[in-house]
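This report refers to the structure that appears directly beneath it.
The values are calculated or read from the model by the stated rules, or taken from the named source; none is laboratory data. Note that the structure is predicted; figures quoted are calculated from it, not measured. Quick reminder, even Gly has a Cβ in these numbers, built from the backbone with ideal geometry, and neighbours come from all protein chains shown.
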Amino acid sequence: MEKKAIKLFLRFAISIGFLSAVADRFGMLNKEISVWGNWDNFLDYTRLIIPWIPNSLIPIMGATATAAEIVFAIFLIIGFKTELFAKLSGFLLLIFALSMTFSTGIKGAFDYS
């Protein structure tokens, strides 16, 4: 039973983290606790952490990451194909961490974690 509760907590914690970031991008959070506050600021940050991607593709990359976070969060919350979406979530977070590390340094990645 304890292992099941831990897995449920982890699923919800990751999902809430994803959905909170998405809400921030769409300006749904209070400005005092907001990192981006709007879509344009989020795209500016996306441009910063993946400078090797052409500017014309940045909106697509931002939208893809946002869509993935929404889908992964929903499926983790409802428990649909949990193992698959947990692994995909881990891979997405690894991509974020590596992009931040290579573009802004290790401190940048830890500051956003």
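Numbers below:
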read-out: Selection count where residues are under 16 Å from residue 67 (Cβ atoms) and in contact with an Asp or Glu (Cβ under 6 Å, 6 or more places away or on another chain), scope segment 1-45; value: 2
read-out: Matching residues in segment 34-47 - criterion: being touching a residue at least 12 places away in the same chain (Cβ under 8 Å), over 21 Å from residue 105 (Cα atoms) and part of a helix (DSSP H, G or I); value: 39
read-out: Those residues of segment 12-33 which are part of a loop (DSSP other than H, G, I, E, B) and basic (Lys, Arg), in sequence order; value: 31
read-out: Residue count for segment 64-113, restricted to those that are touching a helix residue (DSSP H, G or I) at 6+ places or on another chain (Cβ under 7 Å), aromatic (Phe, Trp, Tyr) and farther than 17 Å from residue 42 by Cβ; value: 3
read-out: Scope segment 69-82; condition free of Cβ contacts under 8 Å to residues at least 40 places away in the same chain and either assigned to a loop (DSSP other than H, G, I, E, B) or surrounded by fewer than 17 Cβ atoms within 10 Å (Cβ to Cβ) (or both); matching residues; value: 71, 78, 80, 81
read-out: Subset of segment 93-113 [free of Cβ contacts under 8 Å to residues at least 12 places away in the same chain, over 15 Å from residue 17 (Cα atoms) and among the aliphatic types (A, V, I, L, M)]; value: 95, 98, 106
read-out: Sole exception among (1) part of a loop (DSSP other than H, G, I, E, B); (2) modelled with pLDDT of 95 or more; (3) touching a Ser or Thr at 6+ places or on another chain (Cβ under 8 Å) for residue 51, by number; value: (2)
read-out: First in segment 48-62 and surrounded by 11 or more Cβ atoms within 10 Å (Cβ to Cβ), second anywhere and not in a helix (DSSP H, G or I), Cβ under 7 Å, 6 or more apart; value: 61/50; 61/53
read-out: Number of the exception - residue 85 against (1) surrounded by 15 or more Cβ atoms within 10 Å (Cβ to Cβ); (2) more than 30 Å from residue 8 (Cβ to Cβ); value: (2)
read-out: Residue within segment 83-92 that is among the aliphatic types (A, V, I, L, M), in a helix (DSSP H, G or I) and in contact (Cβ under 8 Å) with a residue 24 or more places away in the chain present; value: yes
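Condition check ((1) of a type outside the set (A, V, I, L, M, F, W, C); (2) within 14 Å of the chain's Cα centre (by Cα)) across all residues:
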residue	(1), (2)
7	yes, no
13	no, yes
20	yes, yes
72	no, yes
79	yes, no
